[in-house]
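The values are calculated or read from the model by the stated rules, or taken from the named source; none is laboratory data. Since the model is a prediction, treat every value here as computed from it, not as a measurement. Backbone-built Cβ (ideal geometry, glycine too); neighbour counts: all protein chains shown.
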Amino acid sequence: MVADVCQIFRVRHVGSKLRRIGLLVLLMAGLCYLNQGPSPVHPSIVPTVAFQEQVFALQAELGYLRQKLASCDPSSTFTSSSLDTFTPIYIVTPTYARPQQKAELTRLKNTFLLIPSVHWIVIEDAPSKTSLVARFLAHSGLSTTHLVVETPPDMKLKSDDPHWSKPRGVYQRNEAIKWLREERGGEAGVVYFADDDNTYSSELFEAIRFTKIVSVLPVGLVGGVMVERPRISEDGQKVTGWEVAWGKSRPYATDMAGFAVSLPHLLSRPSAIFPTQCKRGHLESEFLKHLVNDLKQLEVASNQVLVWHTRTELVNLKKEEKFKEQKGHNSDQGLEV
């Protein structure tokens, strides 16, 4: 099926390429039209079901065409909207090699394909870029940047360490911030830190796209409770505190997935990086201290749960060694899992 699609895409290369671009432009134009309507869509406005279905249908078709174009022509640069209608969203994702890595990245990619004007910054915790991640991004259909920086050995979690005992992804997120400072100075945009083991709704990214300084939202399945969230004033416009069960003393008691930052504001604060050493659970708070002075500066992105702090169960590979002994090779021989 994929081969047939690629063959269709390759027919009459020049004309076919123009048609593909034309299709993408038409879909983007239609999505822009629906996204604006008579007035810009804001999270406080509740669109009709029919309107939402039209937008989702266009998003799905656009994502499908992006990925097919990338599969047939990985060198293509037409993988994301450059239309000024949408503020760009820079999604920062640290990642590291493990059996479920590609599965985790695939889940994220399938969501990000539905979002207009996304640039995905993927940073590997490794001595050098891996071919698995490089190939994955090249065929993702998304506008991407592939970076690499290795966490020092003494800062890495050991197999028997609790997951919360050391801050994770710090060096990778800081590498992405460095890249943004060097490559995106003076540009509009919103930055969101999306770990590869979380689950994201496409609606989240439309909610944070309006961020002017720092916006916050609830996060599901985190902190030992069903949801951690900012406490919102009666008018729904101001953050007055935090509804959490753990770490109540944190000045900004939010998970990494619970906030977004305006790119110009981030770049205007040179000291804004993630600390390599901090009190347990205070990584986000220490970072946000460089961006806002108090709760009054925080914006409400959404009062709905649009992201979940899900962790993939450790993969059971106890039969792999026995399989190798019996067959003389690994079970994934010739395959990329």
- Filter the range 249-297 for residues that are polar (S, T, N, Q), in contact (Cβ under 8 Å) with a residue 40 or more places away in the chain and within 19 Å of Ile89 (Cα to Cα) and give the result. Ser262
- Quick one: is Arg229 assigned by TED's automatic domain parsing to the domain that holds Gln304, under 14 Å from Tyr90 (Cβ atoms), surrounded by 13 or more Cβ atoms within 10 Å (Cβ to Cβ) and in contact (Cβ under 8 Å) with a residue 12 or more places away in the chain? no
- Task: With respect to Pro162, determine if the residue is assigned to a loop (DSSP other than H, G, I, E, B), of a type outside the set (D, E, K, R) and touching a residue at least 40 places away in the same chain (Cβ under 8 Å).
- Result: no
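Assess whether Ser233 counts as being more than 27 Å from Thr151 (Cβ to Cβ), over 23 Å from the mean Cα position of the chain (by Cα) and among the polar types (S, T, N, Q).
Values: more than 27 Å from Thr151 (Cβ to Cβ): yes; over 23 Å from the mean Cα position of the chain (by Cα): yes; among the polar types (S, T, N, Q): yes.
Yes: the conditions hold for Ser233.
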- Here are some residues: Leu132, Leu137. Which one is over 20 Å from Asp255 (Cβ atoms), touching a strand residue (DSSP E or B) at 6+ places or on another chain (Cβ under 7 Å) and either at pLDDT 95 or above or outside any helix (DSSP H, G or I) (or both)? Leu137
- Message: Go through the range 204-226 and report how many residues are surrounded by 17 or more Cβ atoms within 10 Å (Cβ to Cβ) and either farther than 23 Å from Pro251 by Cβ or of a type in the set (A, V, I, L, M, F, W, C) (or both).
- Response: 13
- Message: Give me the residue from the range 39-93 that is part of a helix (DSSP H, G or I), aromatic (Phe, Trp, Tyr) and at pLDDT 70 or above and, out of that set, nearest to the chain's Cα centre (by Cα).
- Response: Tyr64
- Given the conditions (1) acidic (Asp, Glu); (2) surrounded by fewer than 16 Cβ atoms within 10 Å (Cβ to Cβ); (3) at pLDDT 95 or above, and given that Glu284 satisfies all but one, which numbered condition is not satisfied? (2)
- Residue tally, condition over 25 Å from Ile208 (Cβ atoms), basic (Lys, Arg) and within 15 Å of the chain's Cα centre (by Cα), over the range 94-135: 1
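Kindly provide the set of residues from the range 298-331 that are of a type outside the set (Ser, Thr, Tyr), free of Cβ contacts under 8 Å to residues at least 60 places away in the same chain and surrounded by 11 or more Cβ atoms within 10 Å (Cβ to Cβ), ordered by number.
Filtering the range 298-331 for residues of a type outside the set (Ser, Thr, Tyr) gives 298-301, 303-309, 311, 313-330.
Filter again for free of Cβ contacts under 8 Å to residues at least 60 places away in the same chain, leaving 313-314, 316, 318-330.
Once the filter is applied, which keeps residues that are of a type outside the set (Ser, Thr, Tyr), free of Cβ contacts under 8 Å to residues at least 60 places away in the same chain and surrounded by 11 or more Cβ atoms within 10 Å (Cβ to Cβ), the range 298-331 yields Glu320, Phe323, Lys324, Asn330.
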- Note on the range 185-216: residues farther than 14 Å from Phe86 by Cα, assigned to a helix (DSSP H, G or I) and hydrophobic (A, V, I, L, M, F, W, C) are Leu204
- How many residues, within the range 233-248, are part of a loop (DSSP other than H, G, I, E, B) and more than 26 Å from Asp197 (Cβ to Cβ)? 6
- Among Val170, Val190, which is buried (at least 23 other Cβ atoms within 10 Å of the Cβ) and in the same structural domain as Ala260 (by TED's automatic domain parsing)? Val190
- Return yes when Gly224 is in contact with a Lys or Arg (Cβ under 6 Å, 6 or more places away or on another chain) and assigned by TED's automatic domain parsing to the domain that holds Val149 and no when it is not. no
